1. Hey, among the residues in region 1-25 that are in a helix (DSSP H, G or I) and touching a strand residue (DSSP E or B) at 6+ places or on another chain (Cβ under 7 Å), which one's farthest from residue 73 (Cα to Cα)?
2. Residues of region 396-454 being among the polar types (S, T, N, Q), under 27 Å from residue 342 (Cβ atoms) and over 18 Å from the mean Cα position of the chain (by Cα), which ones?
3. With the checklist (1) closer than 22 Å to residue 508 by Cα; (2) out of contact with any strand residue (DSSP E or B) (no Cβ under 8 Å at 6 or more places or on another chain); (3) at pLDDT below 90 in hand, flag the one item residue 697 doesn't pass.
4. Need the failing condition index for residue 631 against (1) touching a residue at least 12 places away in the same chain (Cβ under 8 Å); (2) loosely packed, with under 15 Cβ neighbours inside 10 Å, just the number.
5. Could you tell me whether any residue of region 630-652 is more than 30 Å from residue 573 (Cα to Cα), in the same structural domain as residue 503 (by TED's automatic domain parsing), in contact with a Phe, Trp or Tyr (Cβ under 8 Å, 6 or more places away or on another chain) and not hydroxyl-bearing (Ser, Thr, Tyr)?
6. I want to confirm something. Restricting to region 507-523 and keeping residues that are surrounded by 17 or more Cβ atoms within 10 Å (Cβ to Cβ), among the small types (Gly, Ala, Ser) and more than 16 Å from residue 621 (Cβ to Cβ), which single residue is modelled with the lowest pLDDT?
7. Among the numbered conditions (1) in contact (Cβ under 8 Å) with a residue 24 or more places away in the chain; (2) assigned to a helix (DSSP H, G or I), tell me where residue 584 comes up short.
Amino acid sequence: MKVARREFSPTPGTAGEARGFVRDTLSEWGADQSADDIVLLVSELVTNAVVHAESVLELVVRRLPEAVEVVVADRVPERAVPQAGSLSVDTSPAADPGRSGGLGLALAAAIATSWGVSYSKDDKAVWFRIQDETAESPDASGGALEPPAPVRPTRRRPSRPNPWAALDAALSARLPMPELLDRIVEYARSALGGDAAYIALATTDETEWDLRAATGLTDEPWRPFRSRTEETFPSVAPAPGAIINDDLMIARAHRGKLAQAGMRSLVTAPLIVDGRITGLIGVASRRIRHFGDTAAKRLQDGADRIALPIERARLAEVELARRASLSFLAEASDLLTGTLDEQMTAALAAQLVASRLGSWCAVHSTSELGSTRLMHTIHRNENYNDVLRTLLTELPPPVQREPRPLWSREMLSAAGLVDELLMELAEGPAISVPLVAHGQTLGRLTLGKDADADFTRDDVDVVDDLARRVSSAMENARLYAGQTSMSEALQRSLLPAKEKEPAIPGVDHAVFYRSADERTVVGGDFYDVFATDGRWCFAIGDVCGTGPAAAAVTGLARHTLRALAREGFSPAHIMDRLNKAILDENTSTRFLTMLYGELTPLGAPGQGMRLRLVSAGHPLPLRLNQKGEVDSMGTSQPLLGAFEDVDFFTETLEIGSGDVLLAVTDGVTERRNGTEMLGDEGLMKIFANCSGLTAQAVIVRIDRDLEEFAPGGHTDDTAMLVLRFL
C-alpha cells in the first residue's frame, strides 16, 4: 500500500494546491483512469473544509488494492460537515474558470464507490474511495483481497503542528522591535487564513494607539501612524477577550483603511499584561463571516504569547528613546548656551529641531510691542526653503499644540498663495509652541512634517522641553544685547568721540583702548584729549577694577578733570581737587591712577612744546628721541582716592621736534606669557623700534608686538596714547 500525506493552511488557494498534489501523486502511481473524478472530489471536500472548518487541513491519499482512498481531515470536530447538496465556493486563483460553486458531499455520493465521515475528540475526517482498474492485483494465493475499512490518519497529539511555532521562534530570537512586529502580523494572517493583519500598541498614557505594523492593507510600504478613533481600525478600544466582526460594512470602520483594502470581516484580540490592555492584534478577510470561534481562540492564544515579550520590547524602546531625547536636549542646551546672539540662537534652534524631529522648522520673535518677525527657517529639502519662508512671512502660524495642518487651502487662496509647493507644505501636520520666559512671550517655535508623516507623543514632549531651553537662551541673548547696548553707551560717555578730538598744532597723536572683557565693553581704563584756552590737555588713567562701579569713578574723574582744567588750575591743583572728590564720592574703595599733562607751544610750530605733567601713581610716560633712544619722563606721585593729605606738584618739561611720547596703562606692561611679564624694559625695547613711524603706526606696532609676546594674553584693560611732535 502506498501513502501520500500533506498538510495545508486554510487559505483561498488551498483547493488549487490540493488538486495539484493529488494529480501529481496519482500520476506518479500510474492511477490515471480515475484521476479526474478523484481530483474533482478532493477539490470539493478541501473547499468545504477551508470555508467551514477554518483550520489546518491534512490530506491523505492511499493506494489500496483495486481502489484509491482519500481522507480530508480538519481540526474542528465541533463543526458538522455541510449536508449533501450544500453550496461551497472556491475563490482560489486556481479554481476552474466560470465555476461558481460545487455540490459538496452530494458529488461524493454520486461518484465515489464509498464515502463517509468520521469524528474524534480532536478532529473530523471526510473520506471516499473510487475503484481503480489499474490498482494492484490480487495476492499470490489467487484470492481477492477484501478492501480494508477506511483508515483514519493517525493522530499523535504531541506532533500536531503548532500554528504559532514560527512565532515562538521569532520571540526567542530577540529581534529588533520593528522586525518582530512585521513577522507577528505575517504569522497571524497565515495562522488564521486571513488576507490582512495589523498590530497596534497603546501609547504611554494609554489614550491613543500607535499602529506599528500591518500586512495586506496596501501595496505601498507600511508606515506606522497614530489612531485616536475607531474610524481607522474597528475595535481599537478592545474588550478583555477576542472580538469577531462579521461584516465591516455595517460598522464605522467602513470609512477606514480596512475598507479601503477591501476587507469585510475582522477578528481582534487584546494584548494583556498584568490585567492592563497594552496592545491589539487583528486579522481581516475579504469575505463576510470568515472567522469563527476557533479563529478567535487561536488569535487570542497568539496574543497571549506575544503580550509580555512585546511589552518588554516596547518599554526597552521607550527607555532607549528617552535616553536619546535626553542626549539630544543636553546637546541642544550646550549649543544654545554657547551663544548670546538672538539671531544665532534662533538659527541653532531651527537646525536642531529640523534635523532631529521634523521636516522643517521656523522660529519667530515677538517684540515688546507684540509685533512678530520671522528670524530663521529651514527645510530639509532646500528646494522648499524659499516658499516656506514666503508662507511663514505672509501667514505667521498661530499657537497650536495638537499636530494638524496649520493652514487650510481656503486660507492660502485668500492670501494669494496658490503655488503647488505651498499647498503641499500646508497639508502636513505641524505644531507651533510659544517661547515664554518669566511670563513674557518671546516668540514661537514651529515644527512641521510631511503630509504622510505623523507626530508621536514623544515628539511633542521633546519639542515642549526644547522650547523652554530656547526661551531661556533667547532671554539671555536679549538681556546680553541690552546690557551690551547700555555698556556701549556708557563707554561712549567715558571716552571722547574720535570726531571731537582736537587737532593739536605741530603734534600727531593717536589713542587706543580695549576692555579686558569684550562681552561687558565697559572697562576701568580711560583716556581723554581736549583743548582749553591756549593749551592742549591729555590724560590717561586706570581705575581699580572694571564694570559699572569702575565706570562711575571714571566718569567722575573725567568730568571733574575737564571742568577744573577749563578754569585754568594747574595740574597739581587739579589732582588735589580730584583726589578729594573721589574720596568724598567713592564708597567702594576704588583707587585711580592718572597721568595728566598740558601742552603749550614754545614758539612757532616745529620749535617744540612745553609739557606740564603730574603722574599720580601711573606708569611714567616714555620718550623716543630721533636717535632711537628711549627714556622715562617725570616723577611718580601718590595715586588718587587712597590718601587725604597728599601734596601733588607740577613738573615742567620741554619736548623737542621729532620726539615721540608714549603713555600706557598697566594692561600693557603687565602683559604675561606664562610666568614671564613684559614690564617696563620690555615695553621700552618695543618702543625703540618705532622710530620714523606715525602716531597711529606706533599704536599698531606695539599692539602687534604685544600679541607676538603673549598670544591671547589680553586679560586686562588696555589704553595707549601716542604724541609725535612734528
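The values are calculated or read from the model by the stated rules, or taken from the named source; none is laboratory data. Since this is a predicted model, take the numbers as computed values, not measurements. Note: ideal-geometry Cβ built from the backbone for every residue, glycine included; neighbour counts use all protein chains shown.
1. 25
2. Result: 400, 440, 441.
3. With respect to (1) closer than 22 Å to residue 508 by Cα; (2) out of contact with any strand residue (DSSP E or B) (no Cβ under 8 Å at 6 or more places or on another chain); (3) at pLDDT below 90, residue 697 is out only on (3).
4. The number of the failed condition is (1).
5. The answer is no; no qualifying residue exists.
6. Across region 507-523, the extreme among qualifying residues is 523.
7. With (1) in contact (Cβ under 8 Å) with a residue 24 or more places away in the chain; (2) assigned to a helix (DSSP H, G or I) applied to residue 584, the lone miss is (1).
Conditions (1) closer than 17 Å to residue 618 by Cβ; (2) free of Cβ contacts under 8 Å to residues at least 24 places away in the same chain; (3) in contact with a Pro (Cβ under 6 Å, 6 or more places away or on another chain), marked per residue:
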{"position": "525", "(1), (2), (3)": "yes, no, no"}
{"position": "533", "(1), (2), (3)": "no, no, no"}
{"position": "537", "(1), (2), (3)": "yes, no, no"}
{"position": "544", "(1), (2), (3)": "yes, no, no"}
{"position": "548", "(1), (2), (3)": "no, no, no"}
{"position": "553", "(1), (2), (3)": "yes, no, no"}
{"position": "558", "(1), (2), (3)": "yes, no, no"}
{"position": "563", "(1), (2), (3)": "no, yes, no"}
{"position": "568", "(1), (2), (3)": "no, no, no"}
